[in-house]
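The values are calculated or read from the model by the stated rules, or taken from the named source; none is laboratory data. If you're wondering where the values come from, they're calculated on a predicted model, not measured in any experiment. Here the Cβ positions follow ideal geometry from the backbone for every residue, glycine too, while neighbour counts run over all protein chains shown.
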Number of protein chains: 2
Amino acid sequence: MTETISPSRRARGGGGAARRAERTAVSVETAKYIERNIPNYEVLTEEALQVIERNAETVLEEIGVNFVDNPAALDRWRAAGAQIEGERVRIPRGLARKLCSTAPSEYIQHARNPERSVVVGGKNLVLAPVYGPPFVRDAEGGRRYATLDDFEKFVKLGYMSKWLHHSGGTVCEPTDIPVNKRHLDMLLAHMILSDKPFMGSVTEPSRAQDSIDMCNILFGAEFVQNNTVMTSLININSPLTFDSVMMGALEVFAANNQASIISPFIVGGAMAPTSVAGTLTQVLAEALAGIAYSQLVRPGSPVVMGAFVTSIDMNSGAPTFGTPEASHITYGVGQLARRMNLPYRSAGSFCGSKLPDAQAAYETANSLNMGLLSGVNFMLHACGWLEGGLVASFEKFVMDADQLGALHHFAKGVDMSENGQAMDAIAEVGPGGHFLGCAHTQQNFKSAFWRSELLDYKPFETWDEEGARDTQALASARVKRLLDTYRQPPLDPEIEARLRAYVADKKASMPDSFM
Amino acid sequence: MTETISPSRRARGGGGAARRAERTAVSVETAKYIERNIPNYEVLTEEALQVIERNAETVLEEIGVNFVDNPAALDRWRAAGAQIEGERVRIPRGLARKLCSTAPSEYIQHARNPERSVVVGGKNLVLAPVYGPPFVRDAEGGRRYATLDDFEKFVKLGYMSKWLHHSGGTVCEPTDIPVNKRHLDMLLAHMILSDKPFMGSVTEPSRAQDSIDMCNILFGAEFVQNNTVMTSLININSPLTFDSVMMGALEVFAANNQASIISPFIVGGAMAPTSVAGTLTQVLAEALAGIAYSQLVRPGSPVVMGAFVTSIDMNSGAPTFGTPEASHITYGVGQLARRMNLPYRSAGSFCGSKLPDAQAAYETANSLNMGLLSGVNFMLHACGWLEGGLVASFEKFVMDADQLGALHHFAKGVDMSENGQAMDAIAEVGPGGHFLGCAHTQQNFKSAFWRSELLDYKPFETWDEEGARDTQALASARVKRLLDTYRQPPLDPEIEARLRAYVADKKASMPDSFM
């Protein structure tokens, strides 16, 4: 893995002030997106993959999918050779896959700071934070409706997280802002408070267009037409249904060469069969139809094949996370996506727990590990998810973001160079010795092992004297420290003024709506 | 995976009493050991494996290993063709590997209840609890020195854990019992309070012999000579040193056809190089020498190739757990062990945290997942480990033991039968429907998804009204409930009396020693 670290943006100043700043500043280095130097884990055999692919084509041909309230989409499908009956689109065997073949296998999503641009696809993994929670939680304030102030804090935390490559989208819902205007404040926050890449709005086609218009200000209109500057989340209404709001946003983004994650949204047992193979079949059919549609809108427009998958607790009906069945599906979709030569989105810091406790961490670690090994290229929800996605947790955000460092180090693979083989060290130390002082250790110890910046490694006595803090308490302190030391990344003041004017004008142009 | 569940041992009684018992009884079903129906994850290329194997042979030939205070071992090695110089044994290239080839690729470890016998090796995974902590912790009593009472409670919890196949060994150190006598009480507890397989004592060759003698009472002497009834833990003093205490115990077990896990004990950066490839080389060299020695004692005696590996925090010197470097090593040793056609022991509920909190769970989940995917056959420490192994945690024991259920379900692999494909369900439900009521769901929902017996899946409001408990609090209640409902598995009273008499006589035969 090439892991270029972009220059630190620490405070500058002469002499003692500089040294004090150096000691107290929180690092805002960002690791380059992960380039895997490790194999993927493949749970399905070639034969199983062929069965699922055949079955998915059968679903598209015989059952079909619904494109709801969208006559233009039906026209596009009809022209491409599908059978249309009402809103039902039946797609002849092989057609969807053929249409998908014009989608690129990878694309660059540009950030306003070119050092933060990411490549989505191939062996890469881009990590983005939690998306969508209406609530936030922290140790002091408990669980409460999210506000724009919370949203901005999360964007700042994301900007300061070394292992997070992407600023994300709706990190939480700013419920204090009208529904029809909050996308403007969210985009503004991502654009001004961070210099990492971000996501566009999908809750109305007009809001997707606002996203494009604001990007035109930030990047220049010509740059936006020729490059991808947003990756946005288009969920499919599983089973087999494409609604006009999401498809309308997709149409805007595809027409403007902006990337969409096209993602079946599955709670297994409710929106898909209880079985893994059945769910994989449905996910593939839905992804094929959605991605093919993006290519009907504009061939060559960048897309990511998504899969949001949880299973259901059949006793209570609650969605469950980090489960073995979700892992089977995540690994399986990875294999299917690679056979389509498409970037893949799945996994995340998923958990059902109400608190950032052991349950949350077990479930999250299960999902993060499988995300890395399943070949995910874009991991939304990589940090901060709590309570089945209802809550964005400040503490869990920094806890998960710290764990993402372990993924980076694992993805490096095993160094088989002469230095990695360390035969000199084994000879130097010999039987019964120790390696702490040997030459090889002295040369390598700084970079040898991943080290958490959050977790407790102290001796018991020290830890006990310092208050016997658990992970949540350590994370709470880290959140405060990060927010206290946050400094806005530089942005041309004229661009910032034009963005603020766009938002103000747009807000003034329509009445508030909370629907 | 074949997952034969042995019959429930619930309380019996007529009518209402039976129904009440049914409702309140804690299940003591035990799942059969895991038979993987999934591939292993292989982090090393063929070329890398060959480099490591070549380097390990170079280490054995040119550097050699020390067999300390053990003239008989030196004689055995000399007779086999090794070069002896003082206590140093240099092993010609290829000799150790050739000697290892007489070790079986798998073996049955018999339990006194035949339904609990396990097969160690092949595609199987046997799960055993934490081993060795001098301290225990629970929510009520905090951290304190372990006693025999604690030990017995852990054996009971292990017996009642559905996903734990093995009763383990020194689940915690009963520090209130003299060092030279506590092995007797530990063996007695495993033999009487559980009917799962267990481990022998290794802290003195005479204590290994006591383990054999007590097994002769429990199983019959002839059965013990012809079958394996213990798997015991022989650690190597890394780097490259074999002490006479551990080798003495190995000699007793091998001579009696009992299995030993031969395990380098590595804190990377201290007992091995800071690099993964260097550590793998040393682990392989040490395992080759130790396993070869077991076959010199008795060709064909069962052994497990072990690797206990953590890395070190180079800032504080503390061992760290669940790290990416430990994962690389665990996956790599799995590949090396399979190339030797030997059972493999590694991974566990490893963590450095002082509390059963999120840190503990992240680190543990990282290790448990990699243990499953790396092809581990015997996972010691699969539940209950806390604070770098200094502490056995009652709450974490049941938390981890619950997570082990997820490993069982993942290991089943993906059902590709017609029922698994679920094409009828997708057709029945169609676009926009839901699967909760469809025929396929009704037929499959009971077994479709793994379900935690511990974690919280409740709606927020219910959870909040019930006291907003975190995972530790839920686990604390579960520990109490399990211990309250524990019932000793049936054992021939005459055998129990003979075991108790053996322990009493042995204790009376020597003065207490706490050294």
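Values computed for the structure shown
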{"item": "Positions within the stretch B:318-358 being within 9 Å of chain A (Cβ to nearest Cβ) and part of a strand (DSSP E or B), in sequence order", "result": "B:PRO319, B:THR320"}
{"item": "Of all residues making up the stretch B:292-317, the number that are of a type in the set (A, V, I, L, M, F, W, C), part of a helix (DSSP H, G or I) and buried (at least 24 other Cβ atoms within 10 Å of the Cβ)", "result": "1"}
{"item": "Hits in the stretch B:77-114 (condition: part of a helix (DSSP H, G or I) and crowded, with 18+ Cβ neighbours inside 10 Å)", "result": "B:TRP77, B:ALA80, B:LEU95, B:ALA96, B:ARG97, B:LEU99, B:CYS100"}
{"item": "Residue within the stretch B:230-252 that is touching a residue at least 60 places away in the same chain (Cβ under 8 Å), surrounded by 24 or more Cβ atoms within 10 Å (Cβ to Cβ) and in a loop (DSSP other than H, G, I, E, B) present", "result": "yes"}
{"item": "Residue list for the stretch A:473-515, restricted to those being surrounded by fewer than 13 Cβ atoms within 10 Å (Cβ to Cβ), modelled with pLDDT of 95 or more and polar (S, T, N, Q)", "result": "A:GLN488, A:SER509"}
{"item": "Any hit, the stretch A:187-207, residues being among the β-branched types (Val, Ile, Thr), on the phi < 0 side of the Ramachandran plot, surrounded by fewer than 23 Cβ atoms within 10 Å (Cβ to Cβ) and in a loop (DSSP other than H, G, I, E, B)", "result": "yes"}
{"item": "Pick from the stretch B:28-44, criterion of a type in the set (A, V, I, L, M, F, W, C) and either under 20 Å from B:ARG487 (Cα atoms) or not in a strand (DSSP E or B) (or both), ranking: farthest from the other protein chains (Cβ to nearest Cβ)", "result": "B:VAL28"}
{"item": "Enumeration of residues in the stretch A:55-70 that are out of contact with any helix residue (DSSP H, G or I) (no Cβ under 7 Å at 6 or more places or on another chain) and more than 10 Å from chain B (Cβ to nearest Cβ)", "result": "A:GLU57, A:GLU61"}
{"item": "Conditions (1) surrounded by 15 or more Cβ atoms within 10 Å (Cβ to Cβ); (2) assigned to a strand (DSSP E or B): number failed by B:ARG144", "result": "(1)"}
{"item": "Every residue from the stretch B:152-183 that is surrounded by 24 or more Cβ atoms within 10 Å (Cβ to Cβ), farther than 23 Å from B:ALA475 by Cβ and among the aliphatic types (A, V, I, L, M)", "result": "none"}
{"item": "Flag if A:ASN369 is touching a Pro at 6+ places or on another chain (Cβ under 7 Å) and crowded, with 24+ Cβ neighbours inside 10 Å", "result": "no"}
{"item": "Output for the stretch A:118-136, where each listed residue is under 30 Å from A:GLU395 (Cβ atoms) and either surrounded by fewer than 23 Cβ atoms within 10 Å (Cβ to Cβ) or of a type in the set (Phe, Trp, Tyr) (or both)", "result": "A:ASN124, A:TYR131, A:GLY132, A:PRO134, A:PHE135"}
{"item": "Unmet requirement for B:VAL51, which otherwise passes all of (1) out of contact with any helix residue (DSSP H, G or I) (no Cβ under 6 Å at 6 or more places or on another chain); (2) among the aliphatic types (A, V, I, L, M); (3) more than 10 Å from every other protein chain (Cβ to nearest Cβ)", "result": "(3)"}
{"item": "One residue from B:ALA287, B:ALA221, B:ALA292, B:ALA307 being more than 27 Å from A:MET423 (Cα to Cα) and more than 14 Å from every other protein chain (Cβ to nearest Cβ)", "result": "B:ALA221"}
{"item": "Candidate set: the stretch A:431-445, residues that are free of Cβ contacts under 8 Å to residues at least 12 places away in the same chain and at the interface with chain B (Cβ under 7 Å from one of its Cβ atoms); chosen: the one surrounded by the most Cβ atoms within 10 Å (Cβ to Cβ)", "result": "A:PHE435"}
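This table checks each residue for (1) within 11 Å of chain A (Cβ to nearest Cβ); (2) in contact (Cβ under 8 Å) with a residue 60 or more places away in the chain.
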| residue | (1), (2) |
| --- | --- |
| B:GLY375 | no, yes |
| B:PHE394 | no, yes |
| B:LEU407 | yes, yes |
| B:ALA411 | yes, yes |
| B:GLN421 | yes, no |
